[in-house]
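Have a look at the structure below before the remarks.
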Amino acid sequence: MVSTSRTSHDDHEQVHTVLLARERAIRDKDVLASSSVYVPDVTVFALAPPLSLRGQAAFDEAGTRAWYDSFTGPIGRQRRDLVVEVSGDVACAHCLVHLTGRRTDGVETDLWFRETLVLRRHDDTWLISHEHASVPLLMDGSGAAATQLHP
């Protein structure tokens, strides 16, 4: 049942708050805070293998910590062209994300990718129930990821 007492503006603000909290947690490499914005039965299609993760498998604290620790400082993660749509207890957000940072091996990460998030109202709080991140593939038969693209 859709509650008519909530305004679309309030829902949009709440969704934006969740997305900002996630951005901060990733930038600050805070494993617990970055996982706190997901429903327990989340489905994740991340850039890294495997093809999909569901539920508890998506909350690999050691794997997340290892990825965070592969950066020497804060992880840069800026959104561009964010669109948020809300209908009842479901919201969809999509954008381009610019991921940057110096890795412990000295390599500079500078990657643009696409991100789509589905959120649902869970106990009166918006949480992410589906995450999909991707890069385009070169259509030349190589199957290589097109990681050098910029908007």
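Overview of values
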{"item": "Whole-number D in µm² s⁻¹ for the chain, Kirkwood Cα-pair radius fed into Stokes-Einstein, 37 °C, 0.692 mPa s", "result": "199 µm²/s"}
{"item": "Percent carbon-and-sulfur accessible area, the range 94-151, ignoring ligands, DNA and RNA, probe 1.4 Å", "result": "56 percent"}
{"item": "Average accessible surface area per residue within the chain, 1.4 Å rolling probe, Å²", "result": "59 Å²"}
{"item": "Degrees separating the helix 8-27 axis from the principal Cα axis of the chain, which is the longest one", "result": "30 degrees"}
{"item": "The range 21-79 - Rg (one decimal) and Dmax (whole number), Cα, Å", "result": "11.4, 32"}
{"item": "Percent breakdown of C-alpha pair distances by 5 Å bin, ordered from the shortest bin, for the range 69-151", "result": "3, 13, 17, 17, 17, 15, 10, 5, 2, 0"}
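The values are calculated or read from the model by the stated rules, or taken from the named source; none is laboratory data. All values derive from a computational prediction rather than experimental measurement. Quick note on the areas: whole protein, heavy atoms, side chains included, nothing else; ligands and nucleic acids left out. Shrake-Rupley method; radii C 1.70, N 1.55, O 1.52, S 1.80 Å.
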